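S.K.: Have a look at this one.
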Amino acid sequence: MPTSAIPPISQYAKYNNKVIKNRARSESDFVRYSLIAVTLLFLSLFLFIPLAAVFTEGLRKGTDAYFAALSEPDAISAMRLTLIAAGISLPLNMVFGVAAAWAIAKFEFKGKSLLITLIDLPFAVSPVIAGLIYVLIFGLQGWLGDWLSGHEFKVMFAIPGIVLATTFVTFPFVARELIPLMQAQGKEEEEAALVLGASGWQMFWRVTLPNIKWGLLYGVILSNARAMGEFGAVSVVSGHIRGLTNTLPLHVEILYNEYNYAAAFAVASILAFLALVTLALKTYVEWQVEQSAASIENEIKE
Amino acid sequence: MAKINVQNKTNNILPGFGLSLGYTLLYLSLIVLIPLSAAFIKTTELSFHEFWTAISAPRVVASYKLTFSASLIAALINAMFGLLTAWVLTRYRFFGKKFVDAFVDFPFALPTAVAGITLSAVYSTNGWIGHLLDPLGIKVAYTPLGVVVALTFIGLPFVVRTVQPVLEDLSAEVEEAASSLGANRWQTFHKIILPAIWPALLTGFSLAFARAIGEYGSVIFIAGNMPMVSEITPLIIITKLEQYDYAGATAVAVVMLVISFILLFAINGFQWWSNKRFGHVK
């Protein structure tokens with residue numbers, strides 16, 4: 001089911017080592033090389049050239065200006081806020097993801113497919129609307145606006161609002177990873193643990209969690225990328241107060257709108273680097289899952 | 001499978017069903033369902049006439065047209081090149097293939113604001129690609145074409161990642177059979193492979209389309225944001241919010257939400273069809 005671009009990690013557990021060298025299934029060299037060339041041209045126009053541009057533009061005024069842009073107080077405070085937002089929303093969604101996947105994968109109940117669709121909802125909602133709905137509740141004219149201002153507790157244009165918006169946009173990631181994984185694993189191992197006398201939590205920590213660790217990690221990597229990079233939703237609830245409620249992507253926007261391009265791209269390059277780290281980690285986890293699937297396959301053969 | 005399910009219902013000894021389902025429903029309601037319902041409840045403050053005026057103002061209608069047409073074009077580009085990319089990645093070997101494969105997810109991992117400023121730098125008239133297009137009379141940045149470029153970037157991984165697994169699992173026998181019965185490669189592709197991957201392609205296309213409609217961060221930097229010309233619907237919502245027109249912003253948001261939900265259900269349908277079709281081929 002939808003709606004993340006990334007298919008669940010469980011897909012990589014299928015061990016396949018197909019080598020396609022078959023005349024009935026291959027094209028002439030000319031067709032093959034042309035198709036590869038067109039693909040690489042397309043990907044260059046949209047991926048490789050823009051990636052190179054981020055770093056080139058960031059370093060345009062030299063490395064001194066580059067590091068100055070990264071170490072100014074507003075940039076540091078934006079980094080701190082980005083880490084806080086991700087640091088709070090990720091554990092929340094992790095606990096939710098494990099609970100939801102446990103209920104959905106291991107038990108039968110009515111309305112299960114509706115529940116799975118509802119968990120997906122945040123992926124279908126525009127980031128701008130994700131911010132808007134929290135303004136309607138916590139904003140000054142919102143449902144809780146009077147009560148909140150009476151208690152001098154700020155949600156909008158403050159850190160709690162940013163955390164909430166980040167939690168909303170990263171809501172489905174961990175659950176979406178774990179549901180298919182835990183469904184595929186079945187429940188024999190947990191049942192065996194219980195029959196052998198384990199308590200519920202012992203079973204969870206020693207059987208369930210080790211079994212889902214790669215799926216969980218994969219979900220966290222994807223959520224983290226989205227959490228640190230979220231722009232639309234956070235932009236609605238943040239109020240853009242420099243040094244206070246700016247996350248890194250908002251800081252990039254402010255610098256860019258002030259025509260301070262070199263500094264904007266310098267900060268952007270940090271985020272682009274983070275994206276590359278995300279891809280590397282993601283590929284590593286996929287490789288791990290493929291490897292363990294392959295070794296199980298080999299054991300069965302022997 | 002059916003047998004196991006029957007067993008599940010009668011004697012499931014696993015603990016924690018009440019706790020996990022209860023927590024799931026509580027958290028889902030607090031973070032997603034109640035806030036989303038706020039949007040629908042807010043619009044009830046408007047009379048139907050006010051609601052209609054808010055969502056059918058010429059500037060808003062122009063933004064729908066741009067958002068939908070640009071998203072549609074971007075999703076079509078992604079369907080075509082995404083299929084090609086998935087094909088090249090599953091069928092051929094070439095230097096750097098693993099790297100290219102991992103890199104397809106770059107638009108997903110890159111923050112949208114970074115994508116926005118980078119694409120507008122690359123595609124502006126003095127940018128790396130923009131200066132090559134300028135002599136041909138093609139201006140990308142700060143025009144509706146820029147919106148298409150940003151949305152193509154954002155939607156790039158979807159078609160590749162939905163079509164790729166289906167292509168990988170396509171059984172060799174059907175293609176060999178087609179070949180031994182005298183079909184050439186194009187006929188095999190057109191008559192055998194394409195029907196098998198069609199549901200996955202449609203799923204990827206709708207995912208890219210749905211994502212493009214809601215996209216904000218990458219578009220606003222490259223679009224130029226001229227009212228009636230290059231202003232997308234999410235930006236209309238932001239503008240109304242900045243003018244403290246909460247009811248008007250919410251009315252437009254509700255229109256987008258309804259469209260997104262319809263797409264979500266359509267995508268679920270395609271996916272179900274894809275699994276069924278795919279299972280059948282296998």
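S.K.: State whether one or more residues within the range B:84-94 are facing chain A (nearest Cβ under 8 Å), free of Cβ contacts under 8 Å to residues at least 24 places away in the same chain, over 22 Å from the mean Cα position of the chain (by Cα) and not in a helix (DSSP H, G or I).
M.R.: Yes, the range B:84-94 has at least one match.
S.K.: Next question, about the same structure. Take the conditions part of a helix (DSSP H, G or I), within 7 Å of chain A (Cβ to nearest Cβ) and polar (S, T, N, Q) and apply them to B:Ser20. Does it pass?
M.R.: Working: part of a helix (DSSP H, G or I): yes; within 7 Å of chain A (Cβ to nearest Cβ): yes; polar (S, T, N, Q): yes.
Judged against the criteria, B:Ser20 is a match.
S.K.: I need the helices (runs of 4 or more DSSP H) fully contained in the range A:69-161, keeping only those with at least 3 residues that are under 18 Å from the mean Cα position of the chain (by Cα), polar (S, T, N, Q) and more than 8 Å from every other protein chain (Cβ to nearest Cβ).
M.R.: Details: elements: A:73-106, A:112-124, A:127-138, A:145-150.
Result: A:73-106.
S.K.: What residue, among those in the range A:152-175 that are more than 30 Å from B:Ala266 (Cβ to Cβ) and of a type in the set (Phe, Trp, Tyr), is surrounded by the fewest Cβ atoms within 10 Å (Cβ to Cβ)? Working first, answer last.
M.R.: Going residue by residue through the range A:152-175, those that are more than 30 Å from B:Ala266 (Cβ to Cβ) are A:152-163.
Now drop any that are not of a type in the set (Phe, Trp, Tyr), which leaves A:153, A:157.
Working: A:Phe153: 12, A:Phe157: 18.
Top of the filtered list is A:Phe153.
S.K.: Suppose we filter B:Thr118, B:Thr152 for residues that are surrounded by 22 or more Cβ atoms within 10 Å (Cβ to Cβ), free of Cβ contacts under 8 Å to residues at least 60 places away in the same chain, out of contact with any strand residue (DSSP E or B) (no Cβ under 9 Å at 6 or more places or on another chain) and at the interface with chain A (Cβ under 8 Å from one of its Cβ atoms); which single one remains?
M.R.: Residue meeting the stated conditions: B:Thr118.
S.K.: Here's a follow-up. Scan the range B:244-254 and give yes if some residue there is surrounded by 21 or more Cβ atoms within 10 Å (Cβ to Cβ), at negative phi and not aliphatic (A, V, I, L, M), otherwise no.
M.R.: Filtering the range B:244-254 for residues surrounded by 21 or more Cβ atoms within 10 Å (Cβ to Cβ) gives B:248-253.
From the residues that got through so far, the ones that are at negative phi too are B:248-253.
From what's left, not aliphatic (A, V, I, L, M): B:248, B:250.
Yes.
S.K.: Based on what the data block shows, is A:Ser149 closer than 30 Å to B:Asn12 by Cα, hydroxyl-bearing (Ser, Thr, Tyr) and exposed (fewer than 15 other Cβ atoms within 10 Å of the Cβ)?
M.R.: Considered against the rule, which asks whether it is closer than 30 Å to B:Asn12 by Cα, hydroxyl-bearing (Ser, Thr, Tyr) and exposed (fewer than 15 other Cβ atoms within 10 Å of the Cβ), A:Ser149 comes out as no.
S.K.: Scan the range A:162-190 residue by residue and report those that are over 17 Å from A:Tyr218 (Cα atoms) and outside any helix (DSSP H, G or I).
M.R.: A:Gly186, A:Lys187
S.K.: Does the range B:95-120 hold any residues that are within 20 Å of A:Tyr284 (Cβ to Cβ), part of a loop (DSSP other than H, G, I, E, B) and under 21 Å from the mean Cα position of the chain (by Cα), and which are they?
M.R.: The answer is B:Val104, B:Asp105, B:Leu110.
S.K.: Let me ask another. Being among the aromatic types (Phe, Trp, Tyr), in a helix (DSSP H, G or I) and farther than 23 Å from B:Leu26 by Cβ, is that true of even one residue in the range A:208-230? Reasoning before the result, please.
M.R.: Keep residues of the range A:208-230 that are among the aromatic types (Phe, Trp, Tyr), which gives A:214, A:218.
Retained after the next criterion (residues that are in a helix (DSSP H, G or I)): A:214, A:218.
With farther than 23 Å from B:Leu26 by Cβ added as a condition, the list becomes A:214, A:218.
Among the residues of the range A:208-230, at least one is among the aromatic types (Phe, Trp, Tyr), in a helix (DSSP H, G or I) and farther than 23 Å from B:Leu26 by Cβ, which makes the answer yes.
S.K.: Among (1) within 11 Å of another protein chain (Cβ to nearest Cβ); (2) at pLDDT 90 or above, which single condition is B:Ala178 missing?
M.R.: Here B:Ala178 clears every test but (2).
S.K.: Out of everything in the range B:255-265 that is over 19 Å from B:Ala62 (Cα atoms) and crowded, with 19+ Cβ neighbours inside 10 Å, what residue ends up being modelled with the highest pLDDT? Walk me through it before giving the result.
M.R.: So in the range B:255-265, the residues over 19 Å from B:Ala62 (Cα atoms) come out as B:261-265.
Remaining after also requiring crowded, with 19+ Cβ neighbours inside 10 Å: B:263-264.
Numbers: B:Leu263: 88, B:Leu264: 85.
Only one residue tops the list, namely B:Leu263.
S.K.: In this structure, does B:Val258 turn out to be assigned by TED's automatic domain parsing to the domain that holds B:Leu119, within 15 Å of the chain's Cα centre (by Cα) and part of a helix (DSSP H, G or I)? Give the steps one after another, and end with the answer.
M.R.: Numbers: assigned by TED's automatic domain parsing to the domain that holds B:Leu119: yes; within 15 Å of the chain's Cα centre (by Cα): no; part of a helix (DSSP H, G or I): yes.
No.
S.K.: Can you tell me which residue among A:Ser269, A:Ser235 is part of a helix (DSSP H, G or I) and touching a Phe, Trp or Tyr at 6+ places or on another chain (Cβ under 6 Å)? If you could, list the steps in order and put the result at the bottom.
M.R.: Details: A:Ser235 fails: touching a Phe, Trp or Tyr at 6+ places or on another chain (Cβ under 6 Å).
Answer to the check: A:Ser269.
S.K.: May I pose another question? Quick one: what pairs do we get from the range A:102-123, first residue within 25 Å of A:Trp205 (Cα to Cα), second aromatic (Phe, Trp, Tyr) and surrounded by 12 or more Cβ atoms within 10 Å (Cβ to Cβ), C-beta under 7 Å, 6+ apart or different chains?
M.R.: That search, which allows pairs on different chains as well, returns A:Ala103/B:Phe17; A:Phe107/B:Phe17.
The values are calculated or read from the model by the stated rules, or taken from the named source; none is laboratory data. Fair warning: this is a prediction, and the values are worked out from it, not measured in the lab. Cβ sites come from the backbone with ideal geometry, for glycine too, and all protein chains shown count toward neighbours.
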